[in-house]
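Below is one structure; the comments refer to it alone.
Readers should treat all values here as calculations from the given coordinates under stated rules, not as data from a laboratory. Note that the coordinates shown come from a computational prediction; the quantities given were computed from them, not determined experimentally. We place every Cβ from the backbone using ideal geometry, glycine too, and count neighbours over all the protein chains shown.
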């Protein structure tokens, strides 16, 4: 039998996160596939209960997998494929040696890439003072993803906390925000899927005063509560990441607002995921007049979002443009 004579064989690109059609950087503790040849005796075998991690073993049918010299827990082994859970060792941004051993026969040592085990922040496009500043937050594979809006309060940042500093000093949150929302993971229900281009991002301009050009540093943190305790610990945290906010002329800001006003969407998802939060970067009479019709939207999500958005405008301006309308203030508990 070929399997009894040949050593296991696989390549670095054959090691993939579970469900991934293409190779991607790995993470500690991640459910992973290995594809190859002669990885196990035919027909192979599985853990006692593939849905119960407590039953995963470091050896199945004489096959073991070493990752950085540590035995991985195996879910299933077959001649052409192994399903496993990577060890929870803190590898990050490095090549880690992987080896398959079948009945004492060891494959060649294959270095595989482990990536960032923390959120990575960036600006998806150039950002300008006094205009929308969308921050891209790419969470590690298997750690979830972001989909704004999280709440009908525009300044909600979902499960995470944003921090911004300039010249070594913490930038305070916008003073006009009536209350800070709890950082929880659930999101408002939307009538459909949000386009990919609007995922993994947060409107930094709705939480901090991004109205001056310069270099800022931003950090994103998620916490989780310890079991049977009210104490919390850091679950995910990015490094402090520099971003550049460029200066913008009054003409640039006017032109941007005119483009936004020229084609207002009707779709709820487009309104809440992009149009309205972008509009709120400019808090003058023109922006308020564009926002005002949505206060009476037949869509309760849009109407509620617009009512909370009134907090971004001066009280005298509100009385001039939408007399008698007050910003929504009911506090979430």
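State the number of residues belonging to segment 195-220 that are surrounded by fewer than 16 Cβ atoms within 10 Å (Cβ to Cβ), farther than 19 Å from residue 128 by Cα and touching a residue at least 40 places away in the same chain (Cβ under 8 Å).
Total satisfying the criteria: 1.
Only one of these is closer than 14 Å to residue 155 by Cα and not in a strand (DSSP E or B): 227, 182, 191. Name it.
Sole residue among the options that is closer than 14 Å to residue 155 by Cα and not in a strand (DSSP E or B): 182.
If residue 192 meets every condition in (1) free of Cβ contacts under 8 Å to residues at least 24 places away in the same chain; (2) exposed (fewer than 12 other Cβ atoms within 10 Å of the Cβ); (3) over 23 Å from residue 290 (Cβ atoms) apart from one, which number is that one?
Result: residue 192 fails condition (1) only.
Taking segment 253-278, which residues are in contact (Cβ under 8 Å) with a residue 12 or more places away in the chain and not in a helix (DSSP H, G or I)?
If the condition is that a residue be in contact (Cβ under 8 Å) with a residue 12 or more places away in the chain and not in a helix (DSSP H, G or I), then 264 is the only one that fits.
Hey, could you check segment 231-252 for residues that are in a strand (DSSP E or B) and without any contact (Cβ under 8 Å) to a residue 12 or more places away in the chain and say which is nearest to residue 126 (Cα to Cα)? Please lay out each step first, then the result.
Of the residues in segment 231-252, the ones in a strand (DSSP E or B) are 232-237, 241-246.
If we keep only those that are without any contact (Cβ under 8 Å) to a residue 12 or more places away in the chain too, we end up with 232-233.
Working: 232: 35, 233: 34 Å.
Only one residue fits best here, namely 233.
(1) in contact (Cβ under 8 Å) with a residue 60 or more places away in the chain; (2) closer than 30 Å to residue 33 by Cβ: which one isn't true of residue 70, the others all being true?
It is condition (1) that residue 70 fails.
Scanning segment 225-264 for residues that are touching a helix residue (DSSP H, G or I) at 6+ places or on another chain (Cβ under 7 Å) and surrounded by fewer than 16 Cβ atoms within 10 Å (Cβ to Cβ), which turns out farthest from residue 294 (Cα to Cα)?
From segment 225-264, those touching a helix residue (DSSP H, G or I) at 6+ places or on another chain (Cβ under 7 Å) are 257, 260-261, 264; that's our starting set.
Restricting the remaining residues to those that are surrounded by fewer than 16 Cβ atoms within 10 Å (Cβ to Cβ) gives 261, 264.
Details: 261: 13, 264: 11 Å.
Among those residues, the one meeting the criterion is 261.
Which one is farthest from the chain's Cα centre (by Cα) among residues in segment 305-317 that are in a helix (DSSP H, G or I) and surrounded by fewer than 19 Cβ atoms within 10 Å (Cβ to Cβ)?
316
I need the full set of residues from segment 124-140 which are surrounded by 18 or more Cβ atoms within 10 Å (Cβ to Cβ), out of contact with any helix residue (DSSP H, G or I) (no Cβ under 7 Å at 6 or more places or on another chain) and in a loop (DSSP other than H, G, I, E, B), in order please.
129, 139, 140
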